[in-house]
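Heads up, the thing below is written out as structure tokens.
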Amino acid sequence: MKALDSDDIKNEILSGDEKRIALALRRARDFDFDADRFYASVLEICSFLEHENKKLYSLPGLKAEIDAYGLRLNNMNLKSIPSCFSALRDLTVRIDISNNAFSEFPIVLLEFKQLKQLNLSNNKFTELHEGFANFTILEALDISANVFVKLPAMLAQIETLKSLSVSCSNLLYFQPPLPKNLEKLRVNFTKTISFPEALYACTSLKIIELEGISELPEGIKNFEKLELLCIRRAGLETLPESISALTNLKKLSLCNLRLLNKLPEVVFELQNLEELDMSGSPLLELPAKLRQMKNLKSINISGCSDDITLGHWKKRCESWGIKMAD
């Protein structure tokens, strides 16, 4: 299927046929994708809807097409979004405006009150609009790689938020409150810091991914629902004994920890652990105790040692019935 040129896109969209509109959008997006052409095609859709006073529920094909991909306006060097985009407000629950040049939150997006997923990463936001709290059913938010100096206080007001990603390269301090119903939290600290005590209020967390912390406190035991714990590029030398209290933990990742040269003994107490990832950490040995972990199904030790040693370790794991992950 060949790519559409700008005249093709215009003709398809202005035809008013919902199937042709949906196909034009899909082809503009997926075949020889050009950001300007796709952006122009969506604008044409909006203009058509406004001009014809089309009811959005009469365009199920268009709704299905946009909702399948979400409204993706990423990697376009955008600084603003025109108001005519409000014509699409009932067509999607997902919007991605990552990797652009936004410094202010696009006001038109406040009309998308059905949003459940919003990606604002890699822009120039310093704060979120006060109307952001209107996203009353938002479930996933990515605000990483922006220029916030503090976390937006309004995050705590979004009680439906279950997943949050944030990087702290410009944060002067990590001081939520955060939504208490969070289930997944990903934080990238570009400077090594201590574990933020403010996270202890988020007792519903099932997934914690942290980069750049200096230590993991005994209080980690408070996250009783935790199923995945991932620590990357941190200054950890060991793990606290209290981690053994995480009986629901199924996956533990200790990746690229330059000071961690042996597997902490407390790991062997995690009898429900199914996956262990030590990739990039400079291990000196692979303990035989691993074979005592009856539920352990796979282990990743890529980059932990030289190729010859890794070859020996792989054979040992296979003899214990543990799969080597890549």
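Okay, here's what the table says:
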{"read-out": "The lone exception for ILE308 - which of (1) over 18 Å from ARG258 (Cα atoms); (2) over 26 Å from the mean Cα position of the chain (by Cα); (3) aliphatic (A, V, I, L, M); (4) at pLDDT 85 or above it fails", "value": "(4)"}
{"read-out": "LEU257 being of a type outside the set (D, E, K, R), within 27 Å of the chain's Cα centre (by Cα) and under 20 Å from LYS297 (Cβ atoms)", "value": "no"}
{"read-out": "Filter pass, GLU274 being among the acidic types (Asp, Glu) and under 28 Å from the mean Cα position of the chain (by Cα)", "value": "yes"}
{"read-out": "In segment 74-126, residue farthest from ALA145 (Cα to Cα) [restricted to those that are outside any loop (DSSP other than H, G, I, E, B) and among the acidic types (Asp, Glu)]", "value": "GLU111"}
{"read-out": "Leading residue by the ranking (farthest from LYS262 (Cα to Cα)) among those in segment 311-326 that are of a type in the set (Lys, Arg) and within 33 Å of the chain's Cα centre (by Cα)", "value": "LYS323"}
{"read-out": "When residues of segment 289-300 are limited to those that are in contact with a Lys or Arg (Cβ under 8 Å, 6 or more places away or on another chain) and not polar (S, T, N, Q), the one nearest to ASN248 (Cα to Cα)", "value": "LYS297"}
{"read-out": "Single residue of LEU120, LEU71, LEU115, LEU56 found to be surrounded by 15 or more Cβ atoms within 10 Å (Cβ to Cβ), at pLDDT below 80 and of a type outside the set (Lys, Arg)", "value": "LEU71"}
{"read-out": "Positions within segment 190-217 being modelled with pLDDT under 80 and buried (at least 16 other Cβ atoms within 10 Å of the Cβ), in sequence order", "value": "ILE193, PHE195, PRO196"}
{"read-out": "Filtered residue count, segment 264-275, keeping only those that are free of Cβ contacts under 8 Å to residues at least 40 places away in the same chain, touching a Lys or Arg at 6+ places or on another chain (Cβ under 8 Å) and either closer than 13 Å to ILE301 by Cβ or assigned to a loop (DSSP other than H, G, I, E, B) (or both)", "value": "4"}
{"read-out": "Hits in segment 234-263 - residues which are part of a loop (DSSP other than H, G, I, E, B) and among the polar types (S, T, N, Q)", "value": "THR238, THR247, ASN248, ASN256, ASN261"}
{"read-out": "Sole residue being in contact with a helix residue (DSSP H, G or I) (Cβ under 8 Å, 6 or more places away or on another chain), buried (at least 17 other Cβ atoms within 10 Å of the Cβ), among the aliphatic types (A, V, I, L, M) and closer than 28 Å to MET154 by Cα, chosen from LEU246, LEU185", "value": "LEU185"}
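Residue by residue, here is whether (1) in the same structural domain as GLU104 (by TED's automatic domain parsing); (2) more than 15 Å from ILE95 (Cβ to Cβ); (3) at pLDDT 95 or above holds:
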site	(1), (2), (3)
GLU127	yes, yes, no
ILE143	yes, no, no
ALA153	yes, yes, no
TYR173	no, yes, no
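The values are calculated or read from the model by the stated rules, or taken from the named source; none is laboratory data. For clarity, every value in this text was computed on a predicted model and none was experimentally measured. Note that we place each Cβ from the backbone using ideal geometry, even for glycine, and neighbour counts take in every protein chain shown.
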